[in-house]
Amino acid sequence: MTIYLVRHGADDNSKRGGWSNHPLTDEGLKQSEELAHRLKENKCNAEIIYSSDLLRAKQTAEILAKHLNLDIEYISDFREVNNGDLAGMDNAVADELYPNHYWRKLEWNQHYPNGESPKDFYERIKTAWKKLIKGNHNSIILVTHGGVINVIMHLVNGVEYSNKSSAYRIGTSDYIKIEV
């Protein structure tokens, strides 16, 4: 199966991401349009788009679907980490109310306030990924988030995952093509 792992376009980086439901910025919308054209030029042969159901991923998926003439199925398990009370919060306010609550500083079993731990996040993505790759398509697009793609790439490459570092980085509205 060919899978195009797509990270959503740019969103407001003055706010905490995670389970926030902020829209793409104008730049993010433009990036997503450009990505759709690149995928077309590179002869993307996807049969369907699967996407996180958070707004920034949905908007990216909708732009791709329009240009590639594909249906979209939303899968909430491919959301970014559930950062609980910090989701969508202004960065300055989050730093004041929740000092040192950063992804890389959390211990493996430490939860965001009313959110997930790194372990919970990893297990959710691992389970969703195993289910996705058992599907009956030859080629798909998965529109998701940077943290999700990082976990998936660890799984694909058989590398131990930790929230303390990001071995696989991907820019906004970029993609990685893999075979599984």
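Taking the simple approach of a point 7 Å from Cα along Cα-to-Cβ for both Asp90 and His37, what is their distance in nm?
For the pair Asp90/His37, the computed spacing is 3.6 nm.
From the C-alpha coordinates alone, can you work out the Kirkwood hydrodynamic radius of segment 1-84, in Å? Don't skip to the end; give the middle numbers.
Working: mean 1/r = 0.0761 Å⁻¹.
Across segment 1-84, the inverse of the average 1/r is 13.1 Å.
Where in segment 1-18 does the amide nitrogen come within less than 20 Å of the point 7 Å from the Cα of Ser139, taken along Cα to Cβ?
From segment 1-18, the list is 1-7.
What do you get for Rg/Rh over segment 70-180 if you use C-alpha atoms and the Kirkwood form of Rh? Each step should come with its number before you reach the end.
Numbers: Rg = 15.0 Å, Rh = 15.3 Å.
Reported Rg/Rh (Cα atoms, Kirkwood Rh): 0.98.
Aspartates and glutamates within cross-link reach of Lys30: Cα-Cα under 19 Å, excluding same-chain residues under 8 positions apart?
The qualifying aspartates and glutamates are Asp11, Asp12, Glu41, Glu62, Asp174.
Could you compute the net charge surrounding Leu24? Neighbours are other residues with a C-beta less than 15 Å from the C-beta of Leu24; K and R count +1, D and E count -1.
Details: positive: Arg7, Lys15, Lys30, Arg56, Lys58, Lys66; negative: Asp11, Asp12, Asp26, Glu27, Glu33, Glu34, Asp53, Glu62, Glu80, Asp174.
Charge balance in the 15 Å sphere: -4.
Mind telling me which of Gln110, Gln59, Gln31 comes out most flexible in a GNM of the chain, alpha-carbon contacts under 10 Å?
Gln110
Restricting the calculation to Cα positions, tell me the Rg (one decimal) and the Dmax (whole number) of segment 94-143 in Å.
15.5, 48
With each run of n ≥ 4 DSSP H residues scored as -39500 (n - 2.57), what mean residue ellipticity at 222 nm is computed for the chain after dividing by its residue count and rounding to the nearest 500 deg cm²/dmol? Could the numbers behind the result be given before it?
Numbers: 5 runs with 64 residues, N = 180.
When only DSSP H runs of four or more count, the value is -11000 deg cm²/dmol.
Where only protein heavy atoms count, and the probe is 1.4 Å, what is the accessible area per residue for the chain in Å²? Don't jump to the answer; show the numbers that get you there.
Values: 8830 Å² over 180 residues.
Per-residue accessible area for the chain comes out at 49 Å².
Sorted from largest down, give the three principal axis spans of the alpha carbons of segment 1-40, whole angstrom values.
Here the spans come out as 34, 23, 12 Å, largest first.
Taking 24 Å as the cut-off for C-alpha to C-alpha distance, list the pairs among Lys40/Lys177; Lys58/Lys126; Lys15/Lys126 that go past it. Please report the intermediate quantities before stating the final value.
Details: Lys40/Lys177 14 Å; Lys58/Lys126 21 Å; Lys15/Lys126 27 Å.
Distance filter (> 24 Å) returns Lys15/Lys126.
The values are calculated or read from the model by the stated rules, or taken from the named source; none is laboratory data. Please read these numbers as outputs of a predicted model, since none were measured by experiment. Don't worry about glycine lacking a Cβ; one is built from the backbone with ideal geometry, like all the others, and counts go over all protein chains shown. Surface accessibility is based on the protein's heavy atoms, side chains included, excluding ligands, DNA and RNA. Shrake-Rupley method; radii C 1.70, N 1.55, O 1.52, S 1.80 Å.
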